[in-house]
Amino acid sequence: MSNDILVITEHLDGKMADISYEMVGKAKELAAAMGGQAIAVTLGSGAAPLAESTAADAAIYVDDPALAEFNPEAYGKVIVALVQEKIPKMTMFGNTSMGMDLAAWLSVKIGQTCLAYVNDLGVEDGKVVATSQIYGGKMAAKAEAEGGSVVVGVLAGAFPADAGQGSTAAEQIGSPVSLDGLKTKFVKMIRPEGGDIDITAQDKLVAVGRGIGSQDNIELVEELAEALEAAVAASRPITDAGWLPKTRQVGKSGVAVKPKLYLMLGISGAPEHLEGMKDAELIIAINTDAGAPIFDVAHYGTTCDLFDVAEAMLDQL
Amino acid sequence: MNIVVAIKQIPSLIDELELNGAGTDLDFDEVDFTLNEFDEHSIEQAVLIKEASGGTVTVVGVDLIEELDNILHTALAKGADKVVKIVGDFEPGMASHTQAWLLANAIKDMAPDIVLAGVQAADDRDGQIGPMLAAHLDVPYIGVVADVAATDSRTATVKKEYSGGVMAEFEVSLPMVVGVQAASQPPRYAPVSKIRQMAKTAEIEEIEVDDDGPGAGSTVRKMSPPVSAGHAEMIEGDSEEVAEKIIEIIRERGLL
């Protein structure tokens with residue numbers, strides 16, 4: 001086993017995802033402490049420039065038409081081969097849509113410990129120590145991996161991206177394994193319909209979550225938003241239920257917003273939602289649960305009933 | 001088509017979570033357990049596939065705290081055909097690796113065409129069930145899926161979510177495991193009367209397991225509420241006073 005760290009980068013639509021840089025930055029710090037290298041691994045087709053955009057100590061770019069779009073089966077096969085060849089101390093994935101298809105899968109495939117939802121990471125006496133954010137963000141579990149190599153799933157935004165941005169030449173190779181006969185075939189990308197407003201361009205947002213209770217109550221939120229000259233946004237459960245269009249969804253699988261005002265009604269602040277709004281300039285949260293994680297992120301908060309406050313605000317505006 | 005749903009019972013996040021004396025895990029005597037919310041979607045998606053394309057839906061879970069029956073009866077009331085519980089000398093707090101191993105051993109004998117699992121669970125410290133099942137069963141996996149169509153037992157079309165509302169469509173030769181983020185329709189409710197009826201008449205198949213299986217491969221030194229960098233300034237008062245203060249704060253910023 002080497003003291004190297006393989007960082008499996010992610011890219012979409014010709015752009016390297018920030019998580020790649022966040023992981024590389026952290027990997028460099030850890031690898032240096034272990035006397036090894038942080039190696040950025042990029043899979044793709046015609047993606048060499050992306051592969052060389054990180055500050056990793058070394059970079060590998062695997063080029064094959066079958067890797068043009070993310071494909072968990074194809075990517076998985078290549079990564080298994082690379083890990084078995086390099087035997088790194090750690091293989092890092094994003095705890096993201098792409099990374100979550102691969103990390104735990106790899107850990108079973110090659111018999112390595114997996115640490116998921118990681119937002120803090122270190123090595124002590126040759127053992128990987130990681131803090132995982134679990135139970136909807138309500139608990140941080142600091143754990144020590146058994147000896148040997150480890151697969152890690154890193155939360156987006158856990159580490160700074162600028163530490164991983166730079167320029168390192170990549171060794172370009174073809175796939176180390178045959179990618180014929182894949183059972184998984186990428187068909188096409190599906191993009192959200194236009195026509196609705198772009199909430200990322202709004203200065204003021206009133207966001208509604210599960211606390212609103214029912215679809216009928218959304219009208220109250222719309223009235224409040226109108227009075228504040230704001231647009232209505234929502235957490236995932238609201239758009240999943242069809243109470244507001246998907247284009248209004250803020251969060252990990254929705255959009256990231258940075259408005260001047262983010263007024264939140266009945267949203268607990270689960271990690272997936274926080275990811276989409278934690279950088280808003282003024283966050284005011286209304287939630288009857290004093291222990292809701294959102295109060296760790298909001299600038300102002302109240303445990304008053306959201307209906308009472310919304311009605312009172314409408315009266316006063 | 002043989003559709004299998006692998007479910008997971010997890011601590012409920014609604015109430016305050018209590019820690020054990022050592023501070024290394026939850027106090028499982030004090031927490032309520034509930035069906036993983038993403039598994040509600042898996043069950044719904046499975047029944048939708050059956051309704052569209054025919055077949056049978058089998059729901060299987062590890063009976064960690066001997067309270068799985070109600071969840072299984074509810075699944076039957078929603079349209080599942082068969083329910084199975086894996087029983088043994090189990091403790092709550094079982095690693096996801098262990099649960100995935102137990103589930104895979106039960107599921108491989110079912111010869112499924114498609115296996116659905118919730119994309120993730122709140123206690124997945126050592127990884128998610130779905131991808132681990134796929135690795136054990138040696139079949140393809142796609143997770144964060146918001147739509148599954150399988151018109152026959154040969155191919156499934158799934159839509160995988162990325163951020164910003166962007167999705168990727170894949171065609172996969174079956175069998176496969178799907179990690180369900182959301183069913184293509186909100187999960188249906190089962191009338192209590194129907195659940196009670198199932199409780200009276202339905203059979204739950206039991207699979208008994210002695211073996212330990214793999215563990216998490218890591219040990220928790222300390223579990224605690226995360227230390228946050230800050231906390232919101234809480235606004236006191238009744239709703240009128242709170243509303244007034246909020247408006248004032250917004251005006252002070254020149255936003256109104």
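Throughout, read-outs are computed from the coordinates displayed, never taken from laboratory work. Small disclaimer: the values here were computed from a predicted structure and weren't measured. Cβ placement follows ideal geometry from the backbone for every residue including glycine, while neighbour counts extend to all protein chains displayed.
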Estimated FRET transfer efficiency when R0 is 22 angstrom, pair residue B:37-residue A:229 (beta carbons, to 0.05): 0.05
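Cross-link list A:15/B:50; A:138/A:258; A:258/B:160: which exceed 31 angstrom alpha carbon to alpha carbon?
Among A:15/B:50; A:138/A:258; A:258/B:160, the Cα-Cα distance tops 31 Å for A:15/B:50.
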Output the 0 to 90 degree angle, nearest 10, between the alpha-carbon long axis of helix A:18-34 and the longest principal axis computed from the alpha carbons of chain A. 50 degrees
How crowded by other chains is B:6-16, given as the mean number of beta carbons from other chains within 10 Å of each beta carbon? 2
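Where does segment B:72-134 land on the Kirkwood hydrodynamic radius, alpha-carbon pairs, in angstrom?
Numbers: mean 1/r = 0.0768 Å⁻¹.
Hydrodynamic radius (Kirkwood, Cα only) of segment B:72-134 equals 13.0 Å.
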Name the residue from B:148, B:60, B:179 whose Cα lies farthest towards the positive end of the charge dipole of segment B:2-208, charges +1 on Cβ of Lys and Arg and -1 on Cβ of Asp and Glu. B:148
Proximal charge balance of residue A:155 [Cβ under 14 Å; K/R count +1, D/E count -1]: -3
Helix-only [θ] at 222 nm, chain A, -39500 (n - 2.57) per DSSP H run of 4+, per residue, nearest 500, equals -7500 deg cm²/dmol
Once phi is turned into ³J(HN,Hα) by the Karplus curve 6.51 cos²θ - 1.76 cosθ + 1.60 with θ = phi - 60°, what whole-Hz value does each residue of segment A:71-88 show in order, with x for glycine and proline? 8, x, 5, 5, 4, x, 4, 5, 5, 4, 4, 5, 5, 5, 7, 8, 6, x
Averaged over B:112-121, how many beta carbons belonging to a partner chain fall within 10 Å of each residue's beta carbon? 1
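Kindly provide the helix-only [θ] at 222 nm of chain B, computed as the sum of -39,500 (n - 2.57) over DSSP H runs of four or more divided by all residues, to the nearest 500 deg cm²/dmol? Don't skip to the answer; put the middle values down first.
On the way: 6 runs with 73 residues, N = 256.
Computed ellipticity for chain B at 222 nm equals -9000 deg cm²/dmol.
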Taking every other residue with Cβ under 13 Å from the Cβ of residue B:187 and scoring Lys and Arg +1, Asp and Glu -1, one gets -3
Dividing the surface of the Cα convex hull of segment B:128-215 by four yields a projected area in nm² of 9.0 nm²
Report the percentage of all Cα-Cα pairs in the protein assembly as shown whose separation exceeds 37 Å, rounded to a whole percent. 32 percent
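What is the calculated FRET efficiency for residue B:166 to residue B:69, with r their C-beta to C-beta distance and R₀ = 41 Å, to the nearest 0.05?
On the way: r = 41 Å, r/R0 = 0.99.
Efficiency for this residue pair is about 0.50.
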In degrees, nearest 10, range 0 to 90: what is the angle between the Cα axis of helix A:218-227 and the longest Cα principal axis of chain A? 80 degrees
Per the Kirkwood formula over distinct C-alpha pairs, the hydrodynamic radius of segment B:165-256 in angstrom is 22.3 Å
Output ³J(HN,Hα) for segment B:109-114: one whole-Hz value per residue in order, computed from phi by the Karplus curve 6.51 cos²θ - 1.76 cosθ + 1.60 with θ = phi - 60°, and x for Gly and Pro. 6, 8, 6, x, 8, 8
Could you give me the ³J(HN,Hα) list for segment A:141-155, computed from phi with Karplus coefficients 6.51, -1.76, 1.60 and θ = phi - 60°, whole Hz, x at Gly and Pro? 10, 8, 10, 10, 7, 4, x, x, 7, 9, 9, 10, x, 9, 5
Amide H to amide H, which residues 5 or more places from residue A:117 or on other chains are under 5 Å from it, using H placed in the peptide plane? A:153
What's the FRET efficiency of residue B:152 with residue A:189 using the Cβ-Cβ distance as r and R₀ = 22 Å, to the nearest 0.05? 0.30
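May I ask you to list the GluC sites (Glu not before Pro) in segment B:11-101 that are in a DSSP loop and have at most 13 other Cβ atoms within 10 Å of their Cβ?
Working: sites: B:16, B:18, B:30, B:37, B:40, B:44, B:51, B:66, B:67; in loops: B:16, B:18, B:30, B:66, B:67.
Sites meeting the loop and neighbour criteria: B:16, B:18, B:30, B:66, B:67.
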Quickly rank B:139-151, B:181-193, A:53-65 as a protection proxy: mean count of other C-beta atoms within 10 Å, highest first. B:139-151, A:53-65, B:181-193
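As an exercise, identify the GluC sites (Glu not before Pro) in segment A:135-206 lying in DSSP coil whose Cβ has no more than 10 other Cβ atoms within 10 Å.
Values: sites: A:144, A:146, A:171, A:193; in loops: A:146, A:193.
Sites meeting the loop and neighbour criteria: A:193.
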What are the principal axis extents of the Cα atoms in chain B, in Å, biggest first? 64, 43, 40
Loop-located trypsin sites (Lys or Arg not before Pro) in segment A:15-76, at most 12 other Cβ atoms within 10 Å (DSSP): none
Just the Cα atoms of chain A, one point each, no solvent: what log10 I(q)/I(0) does Debye give at q = 0.10, 0.11, 0.13, 0.16 Å⁻¹? -0.64, -0.75, -0.96, -1.22
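According to the square roots a ≥ b ≥ c of the eigenvalues of the Cα gyration tensor, what is the shape class of segment A:199-316, taking rounded for a/c under 1.5, prolate for a/b larger than b/c otherwise, and oblate for the remainder? Mind showing how you got there, number by number?
Numbers: a/c = 1.22, a/b = 1.11, b/c = 1.10.
Note, shape of segment A:199-316 comes out rounded.
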Quick one: helix A:99-109 against the long Cα principal axis of chain A, what's the angle to the nearest 10°, folded into 0 to 90? 40 degrees
So for chain B, averaging the separation of alpha carbon pairs under 8 Å that are six or more residues apart and normalising by length, what relative contact order in percent results? 24 percent
